[in-house]
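Participant: Dropping a structure here in structure tokens format, bear with me for questions.
The values are calculated or read from the model by the stated rules, or taken from the named source; none is laboratory data. Fair warning: this is a prediction, and the values are worked out from it, not measured in the lab. With ideal geometry, Cβ positions are generated from the backbone for all residues, glycine too; neighbour counts draw on all protein chains shown.
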Amino acid sequence: MTTAELLLQDYDIEMANTRRTLERVPEDKADYKPHERSMPFGRLAVHVGTLPRFGTTILTTPSLDLATAKWPELVFVSREKLVADFDALAAEARTALASASDADLAAPWKFSFGDKVLSDGPRSLAFRHMFFNHLIHHRAQLGVYLRLNEVPVPGVFGPSADEPFKP
């Protein structure tokens, strides 16, 4: 099994779980923040929904410098747009991952903010750490936002209080 094939097993599960979470984002709570330093609900949802773009960037570029990179604004428009954008970006990232060779994934990938290096190691590590773990972290935040707004939280690693196992 190639590295890409192994990563695709996780990828498909995480993208399905992420989509299920994004499908529940309430359209009328885009400005909701559980704390003054928290990201607004809509912005967080768009961040999660567009993170596959970052996965594609890791897989298709030699590096990324956040000091010079231009990314679209994280503006929540609607749940329909959020999910549609996610689906398109997730499909693009999946295609890039499926076509990556072991050599591609072993190649170094540098992530920086100007002179500050955030990571500089194998592309496969950047993909898992900076994309997968990042996505899972922020998806979990969305779960908290859902709970605090009385929106059923999907079970992503088994049952949730809102989606228990059925006997």
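Participant: Any chance you could count how many residues in the stretch 114-167 are more than 21 Å from Phe41 (Cβ to Cβ), under 12 Å from the mean Cα position of the chain (by Cα) and free of Cβ contacts under 8 Å to residues at least 40 places away in the same chain? Full working, then the answer.
Facilitator: So in the stretch 114-167, the residues more than 21 Å from Phe41 (Cβ to Cβ) come out as 114-133, 157-159, 164-167.
After this cut, where a residue has to be under 12 Å from the mean Cα position of the chain (by Cα) as well, the list is 127-133.
Now restrict to residues that are free of Cβ contacts under 8 Å to residues at least 40 places away in the same chain: 129, 133.
Residues flagged as more than 21 Å from Phe41 (Cβ to Cβ), under 12 Å from the mean Cα position of the chain (by Cα) and free of Cβ contacts under 8 Å to residues at least 40 places away in the same chain within the stretch 114-167 amount to 2.
Participant: Filter the stretch 67-76 down to the residues that are surrounded by fewer than 18 Cβ atoms within 10 Å (Cβ to Cβ) and of a type outside the set (Asp, Glu), then identify the one that is modelled with the lowest pLDDT.
Facilitator: Ranking the candidates gives Trp71 first.
Participant: Here's a follow-up. State all residues of the stretch 14-38 that are crowded, with 18+ Cβ neighbours inside 10 Å and among the hydrophobic types (A, V, I, L, M, F, W, C); if no residue qualifies, say none.
Facilitator: Met15, Leu22, Val25, Ala30
Participant: Within the stretch 119-139, is there a residue that is aromatic (Phe, Trp, Tyr), under 16 Å from Ser63 (Cβ atoms) and at pLDDT 95 or above?
Facilitator: Taking the stretch 119-139 and keeping what is aromatic (Phe, Trp, Tyr), we get 127, 131-132.
Going one step further and asking which of them are under 16 Å from Ser63 (Cβ atoms), we end up with 127, 131.
When the remaining residues are screened for being at pLDDT 95 or above, the result is 127, 131.
Scanning the stretch 119-139, I find at least one residue that is aromatic (Phe, Trp, Tyr), under 16 Å from Ser63 (Cβ atoms) and at pLDDT 95 or above, so the answer is yes.
Participant: Same structure, new question: Which residues, taken from the stretch 56-66, are surrounded by 10 or more Cβ atoms within 10 Å (Cβ to Cβ) and either free of Cβ contacts under 8 Å to residues at least 40 places away in the same chain or closer than 20 Å to Gly114 by Cα (or both)? I'd like the intermediate steps shown before the answer.
Facilitator: Residues of the stretch 56-66 that are surrounded by 10 or more Cβ atoms within 10 Å (Cβ to Cβ), as a first pass: 56-61, 63-66.
Result: Thr57, Ile58, Thr60, Thr61, Ser63, Leu64, Asp65, Leu66.
Participant: Mind listing whichever residues of the stretch 113-140 are buried (at least 18 other Cβ atoms within 10 Å of the Cβ) and among the polar types (S, T, N, Q)?
Facilitator: Ser124 - this is the single residue of the stretch 113-140 that is buried (at least 18 other Cβ atoms within 10 Å of the Cβ) and among the polar types (S, T, N, Q).
Participant: Additional query: Residue check: is Ala96 crowded, with 16+ Cβ neighbours inside 10 Å and either touching a residue at least 12 places away in the same chain (Cβ under 8 Å) or touching a helix residue (DSSP H, G or I) at 6+ places or on another chain (Cβ under 8 Å) (or both)?
Facilitator: Numbers: crowded, with 16+ Cβ neighbours inside 10 Å: yes; either touching a residue at least 12 places away in the same chain (Cβ under 8 Å) or touching a helix residue (DSSP H, G or I) at 6+ places or on another chain (Cβ under 8 Å) (or both): yes.
In short, yes.
Participant: Scan the stretch 13-47 for residues that are hydrophobic (A, V, I, L, M, F, W, C) and part of a loop (DSSP other than H, G, I, E, B) and jot them down.
Facilitator: Val25, Ala30, Met39
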